[in-house]
1. Cβ under 12 Å from ASP93's Cβ, ASP93 left aside: what net charge do those residues give with Lys, Arg +1 and Asp, Glu -1?
2. Pulled fully out, how much extra length does the chain show between HIS364 and GLU387, if you take 0.36 nm times their separation in residues and subtract their Cα-Cα distance?
3. Distance from the Cα centre of the range 426-475 to that of the range 244-271, in angstrom?
4. Using modelled amide H (1.01 Å from N, peptide plane; none on Pro or chain starts), what sits under 5 Å from the amide H of THR395, excluding residues fewer than 5 places away?
5. Compare the peptides 329-337, 416-424, 110-118 by average per-residue count of other Cβ atoms within 10 angstrom and give them in order, highest first.
6. From the helices alone, meaning DSSP H stretches of at least four residues, give me the mean residue ellipticity at 222 nm for the chain, per-run term -39500 (n - 2.57), in deg cm²/dmol to the nearest 500.
7. Along the Cα→Cβ direction, 7 angstrom out, place labels at GLN211 and SER230. What is the inter-label distance in nm?
8. Taking the Cβ of ASP410 as the center, what net charge do the other residues with Cβ under 12 Å away carry, scoring Lys and Arg +1 and Asp and Glu -1?
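The values are calculated or read from the model by the stated rules, or taken from the named source; none is laboratory data. Given the structure is predicted, the values throughout are model-derived calculations rather than measurements. Here the Cβ is made from the backbone with ideal geometry for all residues, glycine too, and neighbour counts use every protein chain on show. Side chains are part of the model used for accessible areas, which takes the heavy atoms of the whole protein and leaves out ligands, DNA and RNA. Shrake-Rupley method; radii C 1.70, N 1.55, O 1.52, S 1.80 Å.
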Amino acid sequence: MTRSIRLRFTGIAAAAAVVLTACGSDGGGGGTSASGAPVDGGDLTIARAADILSMDKTTTFDNSSIYVMEQIMEPLFMVSQDGTKVEPWLASDYKMSDDKLTYTITLRKGVKFSDGKPLTAADVKFSIDEDTKTGGDGWGFINAAIDTVTAVDDSTVEVKLKYPWAPLLADLSLFSNAIIPENYGGKTSEEFYKAPVGTGPFTWGEWKQGQSVKVVKNPDYWGDKPHLDSVTWTVVPDANTRKLQLQGGQIDIDDTPDWSSFSSMKNMPGINAQTFESTRMDYLSLNEQRPPFQDVHVRRAIAYAVDRDAMVKAVLYGNGTPATSLLSPGTPFFSKNAGGATFDVAKAKEEMAQSSVPQGFSTHLLIASGNPDQASVAQIMQSELKEIGIDLQITQLDPTANKQARLKADFDMAMQAWTMDIPDPDEWTSFAVDPEGGSHSSFTYYNNPDVVALNKQAQQEIDESKRADLYEQLQQKTSEDAYLTYLYYSPYVYAMTDKVKGFHVTPLGNYHLEDVSLAK
């Protein structure tokens with residue numbers, strides 16, 4: 001089940017199009033009793049490859065951490081279940097000035113933090129300002145257009161912009177802008193994020209580093225009350241071990257079964273293996289701090305040498321499509337004509353001949369251990385790059401150490417994946433092409449001033465057709481530079497016992513665990 005139709009998003013350029021629906025959970029029904037009522041109680045266990053790294057929402061980039069913090073800390077606006085728009089969440093309403101420079105946001109009444117203190121505009125101002133402060137060292141780049149945030153009164157916030165900013169409401173739905181108590185509730189930021197407090201359906205439980213992290217039910221949650229008593233994410237790096245644990249009932253959900261096991265798991269009694277539409281793209285990051293990846297001819301040679309169709313068939317078992325652009329098909333302004341390289345060995349050899357290393361070179365590819373999909377891709381690439389004179393050595397680190405190495409750009413080449421968190425391309429493009437965008441261009445240190453300029457223009461352009469043209473140019477230029485090697489687009493894949501009810505993953509990868517229950 002792949003993403004074949006571009007998601008339509010009209011709420012960014014015309015902010016008034018944001019849907020004012022009733023907030024709280026609107027996800028799929030949970031486990032039900034004989035009377036049809038949801039079953040309350042139970043402790044859900046999700047196994048996945050890597051541990052969390054931090055609960056600091058403003059400086060943390062890995063999904064393992066993000067999907068936990070999203071259960072605890074909530075933003076003013078929330079992405080819809082179909083991933084196409086944003087809806088008021090901790091906000092109940094907003095107004096935009098005629099010049100599109102001032103947003104006046106009204107807070108939802110009756111919302112309290114899990115420690116019992118009421119949510120106020122002062123908390124909102126503090127939370128957004130703290131995110132903005134991180135700048136290029138965290139997610140602060142997402143708030144680049146914000147001039148000031150003012151608490152007008154306890155229930156009203158005013159956001160003034162430096163210039164019109166198309167993604168503002170989407171940006172305010174990002175986890176990094178989630179609302180926490182003013183001044184960290186009297187703690188330091190370090191103390192606070194060891195046990196964060198938010199308005200979410202779950203509260204912090206405990207973290208056994210390298211083993212598991214747990215959240216517990218917030219009985220006073222303002223929205224639809226969680227059915228589960230707790231959720232625990234366990235760290236199980238090996239895909240086969242996760243499958244065996246699921247079959248044995250030690251876990252309820254396998255976060256990422258490998259594709260080689262997916263078809264067989266679909267036929268296992270008591271197991272529900274399924275895919276969800278996604279905005280995911282798998283790609284290779286090429287570290288331009290390390291020779292010879294500063295050389296565009298080397299980068300292009302690698303891009304042409306990769307047989308993406310073969311990877312989709314051999315690794316994904318047909319559950320995906322070759323990637324041809326910086327954006328995924330599920331992301332607004334995706335272009336089918338982005339010019340991404342396709343498999344062509346002759347062109348790959350031509351590019352190598354023009355490069356600074358025409359005789360070839362040796363390099364290392366970083367992958368996560370215990371991940372059969374990455375291992376298969378690496379082996380395919382090892383053979384393919386040998387054809388053009390590149391000796392590719394494969395380096396495996398356990399998933400948590402692998403993440404830390406990637407965040408530090410401690411690699412030559414690294415296999416990575418991205419999934420959107422908001423229904424606007426700016427989050428990814430700023431992260432991926434702007435050296436000041438929080439990650440040194442997805443940890444590659446790529447820096448093309450023309451591309452950066454296009455990205456900044458697209459951020460400020462309100463007209464959707466003009467914005468589409470800017471993103472078209474951006475996708476074409478990044479394809480020409482080949483600073484990432486696009487691999488494939490694929491759906492999200494999960495496997496769970498048939499006792500799990502109401503579990504839904506949005507195209508942006510996140511999930512509302514308040515909607516989930518366990519059948520008795």
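1. So the surrounding residues net to +2.
2. Contour length minus the Cα-Cα distance gives 6.7 nm.
3. 39
4. Correct list: LEU365, LEU366, ILE367.
5. 416-424, 329-337, 110-118
6. -7500 deg cm²/dmol
7. Each label point lies 7 Å from its Cα, and together they span 1.2 nm.
8. +3
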